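Below is one structure, written out as structure tokens; the observations come after it.
The values are calculated or read from the model by the stated rules, or taken from the named source; none is laboratory data. Computed from a prediction, not measured in an experiment: that's the story for all the values here. FYI the Cβ positions are ideal-geometry reconstructions off the backbone, even for glycines, and counts take in every protein chain you see. Side chains included, ligands, DNA and RNA excluded: accessible areas come from the protein's heavy atoms. Shrake-Rupley method; radii C 1.70, N 1.55, O 1.52, S 1.80 Å.
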Amino acid sequence: MTGPTPGRFTVVGIGPGDPELITLKAARLIGAAPVVAYHAGVRKQSHARRIASSLIPADAIEEELRYPVTTGTTTHPGGYVGAMAEFYESCAVRLSAHLDAGRDVVLLAEGDPLFYGSSMYLHDRFKEVYSTSVVPGVPAFAAATAAVSTPLVRQTDVLTVLPGTLPEPELARRLADTEAAIIMKLGRTFPAVRSALVAAGRLEGAWYVERASQPEERWLPVADVDPSSVPYFSLIVVPGDTAPAPAPAAARLRQELPEVESVEVTRGGDSNGSASGEVLVVGLGPGPEGWVTPEVAAALAEVGHVVGYAPYVNRVPQREGLQRHASGNTVEVDRARHALDLAKAGEKVAVVSGGDAGVFGMASAVFEAAADPAYAAVRIRVLPGVSAVQAVAARAGAPVGADFAVMSLSDRLKPWSVVEERLRAVAAADLVLAIYNPASRSRTEQIGTARDVLLEHRKPDTVVVVGRDVGRAEESLTVTTLGDLDPAEIDMKCLVIVGASSTRVTEAGQVWTPRYVR
């Protein structure tokens with residue numbers, strides 16, 4: 001004898017608060033549901049039930065799923081995460097009893113179920129066991145945007161949805177890098193969110209909306225909000241129209257600059273003054289904030305623009321008045337021209353690199369682009385940073401304590417035959433060798449070839465240090481030998497140091513190279 005056919009689990013979005021914003025489909029399913037479930041806050045009535053109360057059948061079984069904790073503290077041994085995991089498991093047990101008995105269950109979800117909704121955690125637990133479905137709802141930010149009657153995005157604007165719980169520097173960076181934004185999860189986070197808006201230069205034009213579409217709805221400029229009055233059911237709308245205007249294109253900059261006749265200038269600038277700004281080429285170090293030099297930090301606090309490869313630009317703290325210009329990894333000269341054009345128009349610009357900008361970084365690319373006479377009046381300064389080879393060497397001990405060479409295995413800007421020729425010369429000279437760019441997604445075989453070339457002149461027991469992500473959370477350091485070096489273990493995050501014949505390893509595993517030669 002078989003049991004009843006299991007019931008169907010449906011998560012129904014009921015919108016942000018106004019019952020008239022519940023969709024026809026959601027209303028139909030709620031009105032026919034044998035079991036209606038909804039979440040409720042600690043010591044609070046369920047907002048979801050209040051919204052849909054007129055639609056719940058009188059004979060429906062109601063399941064109130066009351067949170068054990070929201071923003072307060074908990075004595076649960078697993079902390080907040082443990083308490084919530086246990087709560088969702090208990091909810092699943094309660095609702096699965098109805099489903100196993102053949103009763104359909106409708107779970108009410110405020111806004112849209114899959115947009116920061118608690119209902120998704122039960123859906124995740126049930127979707128592989130029962131027949132499930134999700135009915136979308138009007139999200140709160142759509143109601144909030146309608147309340148302020150301001151276009152959120154136009155044409156190619158990018159919209160970014162951000163939780164206010166992000167760290168303030170990260171929130172500021174993301175606000176500066178998008179045209180339009182919605183900031184959710186306010187409440188106690190509001191002061192930090194407001195500070196992030198100021199740092200990103202996005203406070204003006206940002207709207208605070210509270211309880212969108214509900215009878216208590218109110219909205220006002222974020223700048224006018226009393227932080228102590230902000231409830232959880234609030235959000236911030238940052239319309240795309242409030243984004244700073246993008247920097248003019250290089251060609252337009254050239255067209256708009258005034259003609260200057262009979263003026264002689266040098267790379268350092270005109271002693272009588274010039275309309276041109278300045279390009280600072282700076283190294284941010286290999287990763288940790290503590291490895292950014294005070295000189296570089298001070299420079300970044302003064303410039304109006306930061307230009308560079310996106311991951312490096314993202315490391316620069318956002319502040320009010322700073323414009324960011326991120327680009328891909330293989331357009332060094334193009335981004336250098338962009339920086340020079342900005343400086344030519346009178347702006348002060350920082351071009352950022354990881355490590356030291358002068359070691360396989362942006363400094364050379366900037367000077368290459370600046371060879372164009374059009375940039376003769378632009379001042380260029382290069383500020384040093386901690387290089388990757390310094391960082392890896394320090395972690396290992398002192399492998400570059402004597403004469404050493406630095407090479408890149410990338411053949412994007414030079415033929416591989418030149419790389420091999422230089423490897424042989426370094427090996428024959430018995431120099432310690434630091435290898436940048438040992439591998440990438442498309443270059444997997446070259447580190448193996450380099451190892452074989454070096455073994456033509458070096459013994460297999462030559463000490464090798466492999467540093468991966470040094471200075472970051474995933475840091476690892478491996479001390480091996482040239483003969484045992486496994487190319488499969490080397491990737492684009494590695495820097496490899498191949499010792500000289502005199503390089504040694506202490507009993508504690510530290511690597512050093514004597515300063516003397518005997």
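Under the condition of being of a type outside the set (Lys, Arg) and over 20 Å from the mean Cα position of the chain (by Cα), which residue from region 170-188 is modelled with the lowest pLDDT? For region 170-188, the residue satisfying everything is GLY187. Taking region 94-113 as the range and being without any contact (Cβ under 8 Å) to a residue 60 or more places away in the chain and either surrounded by fewer than 19 Cβ atoms within 10 Å (Cβ to Cβ) or aliphatic (A, V, I, L, M) (or both) as the test, the residues that pass are ARG94, ALA97. Cβ-Cβ contacts under 9 Å between residues 6 or more apart (or on different chains), taken from a first residue in region 307-329 that is more than 17 Å from LEU284 (Cα to Cα) to a second residue that is crowded, with 17+ Cβ neighbours inside 10 Å and modelled with pLDDT under 90, are listed as GLN323/ALA247.
Residues in region 488-512 that are open to solvent by 10 Å² or more (accessible area, probe 1.4 Å), part of a loop (DSSP other than H, G, I, E, B), closer than 21 Å to ALA428 by Cα and in contact with a Pro (Cβ under 7 Å, 6 or more places away or on another chain): SER502, THR503. Return the pair list, or none, for Cβ contacts closer than 8 Å from residues in region 50-61 that are closer than 12 Å to ILE22 by Cβ and touching a residue at least 24 places away in the same chain (Cβ under 8 Å) to residues that are aromatic (Phe, Trp, Tyr) and surrounded by 13 or more Cβ atoms within 10 Å (Cβ to Cβ), at least 6 apart or on different chains. If the second residue must be aromatic (Phe, Trp, Tyr) and surrounded by 13 or more Cβ atoms within 10 Å (Cβ to Cβ), the pairs left are ALA52/TYR38. Screening region 181-205 for residues that are touching a Ser or Thr at 6+ places or on another chain (Cβ under 7 Å) and of a type in the set (A, V, I, L, M, F, W, C) and picking the one that is nearest to GLU320 (Cα to Cα) gives ALA181. Taking the criterion of being open to solvent by 20 Å² or more (accessible area, probe 1.4 Å) and in contact with a strand residue (DSSP E or B) (Cβ under 8 Å, 6 or more places away or on another chain), the residues of region 23-38 that qualify are THR23, LYS25, LEU29, PRO34. Apart from one condition, SER228 fits all of (1) over 30 Å from ILE30 (Cβ atoms); (2) among the hydroxyl-bearing types (Ser, Thr, Tyr); (3) at pLDDT 95 or above; the exception is (3). For region 231-260, the set of residues classified as open to solvent by less than 80 Å² (accessible area, probe 1.4 Å), in a helix (DSSP H, G or I) and at pLDDT 75 or above consists of GLY240, THR242, listed by residue number. Out of everything in region 73-93 that is open to solvent by less than 50 Å² (accessible area, probe 1.4 Å) and either of a type in the set (Gly, Ala, Ser) or more than 39 Å from the chain's Cα centre (by Cα) (or both), what residue ends up being nearest to THR189 (Cα to Cα)? The residue in question is GLY79. Taken over region 275-295, the residue count meeting the criterion of being more than 26 Å from ALA376 (Cβ to Cβ) and of a type in the set (A, V, I, L, M) is 2. Got at least one residue in region 394-402 being within 26 Å of the chain's Cα centre (by Cα) and of a type outside the set (Gly, Ala, Ser)? Scanning region 394-402 turns up no residue that is within 26 Å of the chain's Cα centre (by Cα) and of a type outside the set (Gly, Ala, Ser).
Of everything in region 172-195 that is touching a residue at least 60 places away in the same chain (Cβ under 8 Å) and under 17 Å from ASP224 (Cα atoms), the residue that is least open to solvent (accessible area, probe 1.4 Å) is GLY187. Of all residues in region 141-180, those satisfying the criterion of being part of a helix (DSSP H, G or I), out of contact with any strand residue (DSSP E or B) (no Cβ under 8 Å at 6 or more places or on another chain) and over 19 Å from ARG324 (Cα atoms) are ALA142, ALA146. Note on region 148-164: among residues that are of a type in the set (Ser, Thr, Tyr) and farther than 19 Å from ARG211 by Cα, the one that is surrounded by the fewest Cβ atoms within 10 Å (Cβ to Cβ) is THR156. Please verify whether region 316-323 includes one or more residues that are open to solvent by less than 30 Å² (accessible area, probe 1.4 Å) and not in a loop (DSSP other than H, G, I, E, B). Scanning region 316-323, I find no residue that is open to solvent by less than 30 Å² (accessible area, probe 1.4 Å) and not in a loop (DSSP other than H, G, I, E, B), so the answer is no.
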